[in-house]
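The values are calculated or read from the model by the stated rules, or taken from the named source; none is laboratory data. All values reported here derive from a predicted model rather than from experimental measurement. All Cβ positions, even for glycine, are placed from backbone atoms using ideal geometry, and neighbour counts span all protein chains on display. In case anyone asks, the SASA skips ligands and DNA or RNA and just uses the protein heavy atoms, side chains included. Shrake-Rupley method; radii C 1.70, N 1.55, O 1.52, S 1.80 Å.
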Amino acid sequence: MSEYAWPAAMLLGLMAGIFSGYPVAFVLAGVGIVFAVLADVPMLFLSIGVQRIFSGVLTNWLLIAIPLFVFMGLMLERSGIAERLLRSLATLFRTLPGGYAFAVALIGVIMAASTGIIGASVVLMGMMALPPMLQNGYDARVSTGLIAASGTLGILIPPSVMLIILGDQLSISVGNLFMGAVGPGLLLAGLYVAYLAWVAVTAPHRMPPMAKAEPVARGELILRLVLDLLLPIALILSVLGTIVAGIATPTESAAIGAAGAMVLALMSRRLDIRTLGRALGDTTRTTAMIIFVMIGATIFSLVFKKLGGDRMVMELFTLKGSSPYVSLLLIMAVVFLLGFFLEWVEITLVVVPIVAPVIAGLDFGMSREVTLAWFAIAIAVNLQTSFLTPPFGYALFYLRGIAPDVPIRTIYAGVLPFVALQLTGLALIIAFPAISVWLPAYIGR
């Protein structure tokens, strides 16, 4: 039997289990235990997995930030801030071709920095923006593609649950990842705006100005916009600022954000027992899903490495005599293809820990921590693309759920330009690492 027959069979078994529709957490753990038995791995060895689950997952202080940031996002979603901002921006840009689209793109950035939850952002943006855009004569492909792409920025722009998990899996600073993701997040938003401007200039009929706009004093509009922006920006700065300044850890800043989101919901008169209960319930379900997948991934990875899977991956992706960028691009291609079928949680918890040693062992002219941080940001941008790629992009299903009258073909066609923009952004981040690793924390290392 080949040296790598067992780890290769494990990967095939994992893919078969995932496509069977069985819960991924149980597939991961089940495949690990089944192959441990088949390969005659001592059962005592699996006790190491119990210790890792307890110390690395159940008692991991950093992971407390996940439910806190999820709760923060859900409370902000229900506070009504995004609705007021969108109305103010849309009215301010009402006379411009594509004005409403620019407003949606800006709201997407603000919501991404406030919530970090893809489903909530896409659904909220779709419910608020899609009907008026279509009623105003906007091309359905531009509208749906923009809303889906803007909503997915929440997985990259901090505070991001994905970055917390990546930092934990790669054993690097989550605070540095948060700071490093700001540049790439703004880069993608800038590419979206540039594309919208190009469409507005070359095909203004696809994004016409708002029809029958009522005259409103520009000074009053700007004042209203400033007031609507003040509270969410204050919350964002309180969360990210405390991390950057070294005042609080990501977990402590998440607690600040959760408390601040409740205050904003209370000020908006949207906080009641029912709203709080729903937010707590959704937070519990999301957190439980992530934690169970982490437990399953811990068992799978332990057995996979015991059977030589780490050596197999190292030989597969380390191409002797070639540039380290060839190995990096090969890994990125595999992650991109997996994103068509798997969720980001599974890829982050299973694939990333396996390929991280390959990246850490390559010479990109940077220190190990800087290399892993750059790799983590590139993976995050890559996985963000997976939310938009047909046929299983989750943002497409969220949007389809709230817009059943829009054909799925239209949604698919609408997201393709934004997938191309995201891949362009990914290429720029790989070609110019300074976009994501310019941080002062890295100077002198």
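Shape verdict for region 256-297, please, from the Cα gyration tensor: rounded (a/c under 1.5), prolate (a/b greater than b/c) or oblate. Taking the square roots of the gyration eigenvalues as a ≥ b ≥ c, region 256-297 is oblate.
Surface calculation, 1.4 Å probe, protein heavy atoms: V244 sits at approximately 90 Å² accessible.
Take the chain with all the other protein chains still there, run a 1.4 Å probe, and you get 42 Å² of accessible area per residue. How long is the gain from D363 to S238 if the chain were fully straight, where each residue apart is worth 0.36 nm and the alpha carbon distance is subtracted? Gain on stretching D363 to S238: 41.3 nm. Ordered by 1.4 Å accessible area with all protein chains kept, F69, F19 run largest first as F19, F69. Using only DSSP helix segments of four residues or longer, with each worth -39500 (n - 2.57), what per-residue ellipticity at 222 nm results for the chain after dividing by its residue count and rounding to 500? Rounded to the nearest 500, it is -24000 deg cm²/dmol. Fully extending the segment from L416 to E315 would add 33.0 nm, taking 0.36 nm per residue of separation and subtracting the current Cα-Cα distance.
In this calculation the C-beta distance from F340 to V263 is compared with R0 = 25 Å, giving a FRET efficiency of 0.05. Ranking Y394, Y100 by solvent-accessible area of protein heavy atoms (1.4 Å probe, all protein chains present), from largest to smallest, gives Y394, Y100. Taking all protein chains as shown and a probe of 1.4 angstrom, Y412 keeps an accessible surface of around 60 Å². As an equivalent ellipsoid, region 282-328 spans semi-axes of 33, 16, 4 angstrom, where each value is the square root of five times an eigenvalue of the C-alpha gyration tensor, largest first. Residues in region 364-380 carry Karplus couplings, in order, of 9, x, 10, 5, 4, 5, 5, 4, 5, 5, 4, 4, 4, 5, 5, 4, 4 Hz; the curve used is 6.51 cos²θ - 1.76 cosθ + 1.60 with θ = phi - 60°, and Gly or Pro positions show x. Computed over region 279-363, the alpha-carbon pair-distance distribution with 10 angstrom bins reads 15, 40, 30, 11, 3, 0, each value a whole percent.
At the listed q of 0.09, 0.12, 0.18 Å⁻¹, the Debye profile of region 33-167, built from one uniform point per Cα, gives log10 I(q)/I(0) equal to -0.41, -0.58, -0.93. Here the spin labels are modelled as points 7 Å beyond Cα on the Cα-Cβ line, and at A434 and I247 they lie 3.1 nm apart.
Over all pairs of different C-alpha atoms in region 114-209, the reciprocal of the mean inverse distance, the Kirkwood hydrodynamic radius, equals 14.7 Å.
Dipole check for region 1-156: with +1 at the C-beta of Lys and Arg, -1 at the C-beta of Asp and Glu, and the Cα centre as origin, the magnitude is about 540 Debye. Calculated translational diffusion coefficient of the chain (4 °C, 1.567 mPa s; Stokes-Einstein with Kirkwood radius over alpha-carbon pairs) equals 57 µm²/s.
At a Förster radius of 35 Å, what calculated FRET efficiency corresponds to the Cβ-Cβ distance of R409 and M289, to the nearest 0.05? Can you show the working numbers first?
Working: r = 30 Å, r/R0 = 0.86.
Approximately 0.70, to the nearest 0.05.
Arrange the residues V334, V37, V406 by how much accessible surface each exposes, largest first, with a 1.4 angstrom probe.
Correct descending sequence by accessible area is V37, V334, V406.
With K and R counted +1 and D and E -1, the other residues having a Cβ less than 12 Å from that of M127 yield a net charge of -2. Once you treat every alpha carbon in region 1-105 as an equal point and sum by Debye, what is log10 I(q)/I(0) at q = 0.21 Å⁻¹? For the requested q values the scattering log ratios are -1.12. Size of region 129-173: Rg and Dmax of its alpha carbons, in Å, are 16.2, 49. Once the Cβ-Cβ distance of I402 and S171 is raised to the sixth power relative to R0 = 30 Å, the FRET efficiency obtained is 0.15. The tail of the calculated P(r) for region 192-318, taken as Cα-Cα distances beyond 17 Å, holds 79 percent of the pairs.
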